[in-house]
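Only one structure is covered here, and it is reproduced in the block below.
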Amino acid sequence: MSGADTRASAENSISLHQLGVVCGLAAGAWLGAAEAPTKLVTMGVSPFVITLGMVGGVFVARWTIPMTLKGSGFLFRDLRQNAHLLVWALMAGMLWVVANTLTVFAIRDVGLSIAFPLWNSNSLVGLFWGWLFFHELRGASTGSWVKVMGGATAIAVGAAMLAYATTQRSGIHSGRALLGVLAALGAGALWGTQYIPYRKAYISGISPLSFVTIIACGELLATVALGAAFHGGMGALFQQLAMARPVLFWLFLGGFCWVFGDLFQQYAAKYIGIGRGIPLSNTNQLWGLAWGALVFGEFAGLSTAGRGWVIAGSLLMIAGAAAIAMASAGASELRSWKAAMERECCRYGLDAQRLQRALRGEDALDQAPPQRRWWEALAPLAVVCLLSVLASVAHRPRMAFDSGWMLILMAATGLFLIVGATFLWKRTRFC
């Protein structure tokens with residue numbers, strides 16, 4: 001069987017809806033795991049230094065992973081064909097930085113287990129923007145509406161139940177709890193709005209691997225600007241970074257791992273829309289719960305009633321995710337999606353056929369991508385060297401955690417990476 005026949009067989013066996021669901025669930029696993037390093041804020045590290053350390057890992061990963069998978073020639077040609085999206089990518093990156101910084105404040109004030117469900121209100125915000133701007137769920141059957149809306153609501157309610165349960169544990173200072181709650185809700189609103197550039201990008205035909213490289217530039221610029229303003233200048237910011245040198249490895253690694261989750265989230269938004277993809281990726285609440293409770297012991301002292309709320313909230317979130325997973329877009333809704341795509345074509349003078357190829361998971365470049373360059377193979381090596389340097393000066397955090405559960409959760413997230421990447425390769429070749 002030829003390579004083309006093999007891919008055609010994979011396309012017939014894996015629908016775009018199935019691919020989007022797998023990517024959404026894989027995103028939840030990796031986004032949940034990557035938030036664990038932000039627990040360092042409880043050790044007195046500045047929230048802006050934590051964000052800058054994570055953004056360093058994010059920036060490196062957003063360039064090296066796409067370059068390794070598709071090559072620099074593919075990336076730059078794709079960006080040239082979609083130059084109108086550059087400003088949207090920068091905007092998305094800046095929104096992410098502000099939201100991520102707010103999450104660090106929230107974790108400091110109310111803990112990871114409580115902050116997670118509050119900022120995951122972004123799924124409802126994204127669902128609204130998807131309906132309003134991109135015609136998602138317009139023309140959908142009543143069954144699809146019930147599954148998506150009911151599933152998203154179930155995830156939000158389940159998250160609220162988890163938040164209620166975890167407020168019963170000891171260790172939360174009521175004086176700062178309100179600020180932590182507001183910070184988490186603000187992060188949710190900003191992240192929900194960030195998905196507008198995501199969806200706009202993918203109905204314009206750009207590859208997620210290309211789009212995230214420009215998002216990284218917006219993230220880095222906004223992080224440096226916020227950190228310098230908060231600490232009173234660049235000199236003071238670098239001084240704070242020097243003081244945090246023993247933990248920079250963990251922050252950098254957390255940011256690097258976060259990009260795997262974000263890439264899966266980007267593909268989910270591309271193939272099943274933000275109304276379905278984002279609630280599925282918000283199953284990261286379950287992973288955040290696992291990291292907070294099993295690894296960091298955040299549920300110590302939780303009452304029996306509180307544990308019951310945790311179990312009920314978790315089951316409700318799982319049921320919501322299952323409902324969304326079964327809500328594939330019908331022919332009428334797909335026509336509404338096509339209308340939104342045609343609007344982008346008229347606005348920016350885009351080729352409708354090229355965009356349709358992109359939304360089917362095919363290569364949307366006008367020409368064959370150039371040959372890979374030899375120096376692109378150095379990108380993974382450079383990452384390993386950088387991580388080695390940071391690890392050589394890293395200290396084990398002086399905080400209690402369960403290494404056994406940490407290894408189990410790391411293995412589980414690794415399994416999601418393998419399954420998600422395999423689906424993407426077989427169905428789209430990472431297009």
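Scoring residue 378 on the criteria (1) buried (at least 16 other Cβ atoms within 10 Å of the Cβ); (2) under 27 Å from the mean Cα position of the chain (by Cα); (3) under 19 Å from residue 76 (Cβ atoms); (4) at pLDDT 85 or above leaves a single failure, condition (1).
Just give me the residues in region 381-413 being at pLDDT 85 or above and part of a loop (DSSP other than H, G, I, E, B), in sequence order. Once the filter is applied, which keeps residues that are at pLDDT 85 or above and part of a loop (DSSP other than H, G, I, E, B), region 381-413 yields only 393. The residue of region 102-139 that is nearest to residue 47 (Cα to Cα), among those that are hydroxyl-bearing (Ser, Thr, Tyr) and buried (at least 24 other Cβ atoms within 10 Å of the Cβ), is 103. Selection of helices (runs of 4 or more DSSP H) fully inside region 1-70 by the criterion of at least 2 residues being surrounded by fewer than 19 Cβ atoms within 10 Å (Cβ to Cβ) and modelled with pLDDT under 65 returns 3-13. Taken over region 390-409, the residue count meeting the criterion of being within 17 Å of residue 296 (Cα to Cα), in contact (Cβ under 8 Å) with a residue 40 or more places away in the chain and loosely packed, with under 12 Cβ neighbours inside 10 Å is 3. For region 196-210, give me each residue that is modelled with pLDDT of 90 or more and outside any helix (DSSP H, G or I). Answer for region 196-210, where residues must be modelled with pLDDT of 90 or more and outside any helix (DSSP H, G or I): 206, 207. Only one of the numbered conditions (1) in contact with a Ser or Thr (Cβ under 7 Å, 6 or more places away or on another chain); (2) modelled with pLDDT of 85 or more; (3) of a type outside the set (Ser, Thr, Tyr) is violated by residue 240, and that is (2). Of all the residues in region 343-365, those that are surrounded by fewer than 16 Cβ atoms within 10 Å (Cβ to Cβ) and at positive phi number 1.
Listed here are the residues, each with its yes/no results for (1) buried (at least 24 other Cβ atoms within 10 Å of the Cβ); (2) not hydrophobic (A, V, I, L, M, F, W, C).
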| position | (1), (2) |
| --- | --- |
| 238 | no, no |
| 245 | no, yes |
| 253 | no, no |
| 256 | no, no |
| 284 | yes, yes |
| 299 | no, no |
| 318 | no, no |
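Taking residue 422, is it crowded, with 16+ Cβ neighbours inside 10 Å and under 26 Å from residue 21 (Cα atoms)? Answer is no for this residue. Among the residues of region 140-159, the ones that are more than 10 Å from residue 317 (Cα to Cα), surrounded by 17 or more Cβ atoms within 10 Å (Cβ to Cβ) and either touching a Lys or Arg at 6+ places or on another chain (Cβ under 7 Å) or aliphatic (A, V, I, L, M) (or both) come to 3 in all. The residue that is farthest from residue 127 (Cα to Cα), counting only those in region 246-294 that are β-branched (Val, Ile, Thr) and at pLDDT 85 or above, is 259.
When you look at residue 313, is it of a type outside the set (Val, Ile, Thr), part of a helix (DSSP H, G or I), more than 26 Å from residue 97 (Cβ to Cβ) and at pLDDT below 85, yes or no? Criteria met by residue 313. Among the candidates 193, 223, single out the residue that is surrounded by fewer than 24 Cβ atoms within 10 Å (Cβ to Cβ), among the hydroxyl-bearing types (Ser, Thr, Tyr) and part of a helix (DSSP H, G or I). On inspection, the qualifying residue turns out to be 193.
Would you call residue 78 touching a His at 6+ places or on another chain (Cβ under 8 Å) and either among the charged types (D, E, K, R) or at pLDDT below 80 (or both)?
On the way: touching a His at 6+ places or on another chain (Cβ under 8 Å): no; either among the charged types (D, E, K, R) or at pLDDT below 80 (or both): yes.
No, not satisfied.
The values are calculated or read from the model by the stated rules, or taken from the named source; none is laboratory data. Quick caveat: nothing in here was measured; it's all calculated off a predicted structure. All Cβ positions, glycine included, derive from the backbone under ideal geometry; neighbour counts span all protein chains shown.
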